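A quick write-up on the structure given underneath.
A short reminder: the numbers here are calculations on the coordinates, not readings from a lab. Everything quoted here is computed from the prediction, not taken from an experiment. In this analysis, Cβ positions are derived from the backbone assuming ideal geometry, glycine residues included, and neighbour counts consider all displayed protein chains.
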Amino acid sequence: MISARTPLFFRWLSPEYLLCDIPGDAKVIYLTFDDGPIPEATPEILGILRNFSATATFFMVGDNIRKHPDLCEMVRTDGHAIGNHTFHHLNGWHTSPGAYIEDVYRCREYVSTNLFRPPYGRFTPSQYFLLRKDFRFILWSVLSYDFHRNTTPEQCLKNVLDHTCCGSIVVFHDSLKALEKARHALPRFLEHFSRLGYTFDSLHKAPSSAKL
């Protein structure tokens, strides 16, 4: 199984510009959701979060916001934070710096935020240095792998239960290919950590020391 933890080389970059977790002993988990909003998945995910009074951060694809502005507003109304996930869900390794930067700023026309997550976690040094003046790169400490076709719903749950701790930034997806696994894993994950006394916040509620 591919590791659910953050690749080590991400941690060599300055935490001033790139964040993988929120250090500290507070029993807080930072749930994040990528690739929405879409009508087939986002409302269901919001309903699950609502049941546990959990807030999260949704990294949205700009073209999906364009198609479904009502869903973006629903996410915002429920108190969640919104981040930039490029306009076309671009793979930075396969995109020229100019085209990539343009796509990120095009997404920014639909959502004003300094939170940015590169799709697939893939970006080049030049893309990073060009964007970091306006954006904080948000990666993860725990990856659910709900998007992977070989991940079972049970394995998805195990990934997040085994690796999450205080200050973890956990990645799920509000997408069609992830929905079956997230539907199984997310409520069980929330129930488990709620019983242990954890709360679930958006990244905008992170301690000031995180400098978001």
* Asked: Mind checking which helices in the chain clear 30 Å along their axis (Cα) and have mean Kyte-Doolittle hydropathy of -1.0 or more, DSSP H runs only?
  -> none
* Please give the residues of the stretch 41-71, grouped as numeric ranges, whose backbone N is less than 13 Å from a label point set 7 Å along the Cα-to-Cβ vector of residue 183. => 41-45, 48
* Asked: Which pairs in the list 27/181; 133/205; 67/181; 133/158; 67/177 are over 29 Å apart, alpha-carbon to alpha-carbon?
  -> 133/158
* In the chain, what % of DSSP beta bridges are antiparallel (nearest 5)? -> 10
* Can you give the helix-only mean residue ellipticity at 222 nm for the chain, where every DSSP H stretch with n ≥ 4 adds -39500 (n - 2.57) and the sum goes over all residues, rounded to the nearest 500 deg cm²/dmol? -> -10500 deg cm²/dmol
* Asked: Going out from 0 in 5 Å bins, what whole percent of all Cα-Cα distances in the chain drops into each bin?
  -> 1, 8, 17, 21, 22, 18, 11, 3, 0, 0
* Asked: What whole number of Å gives the distance from the Cα centroid of the stretch 104-132 to the Cα centroid of the stretch 156-194?
  -> 24
* Structure fact -> Longest the chain segment clear of GluC sites (Glu not before Pro) sitting in DSSP loops (not H, G, I, E or B) with at most 15 other Cβ atoms within 10 Å runs 110-212
* **Within-10-Å neighbourhood charge of residue 135 [Cβ basis; K, R +1; D, E -1]** => +4
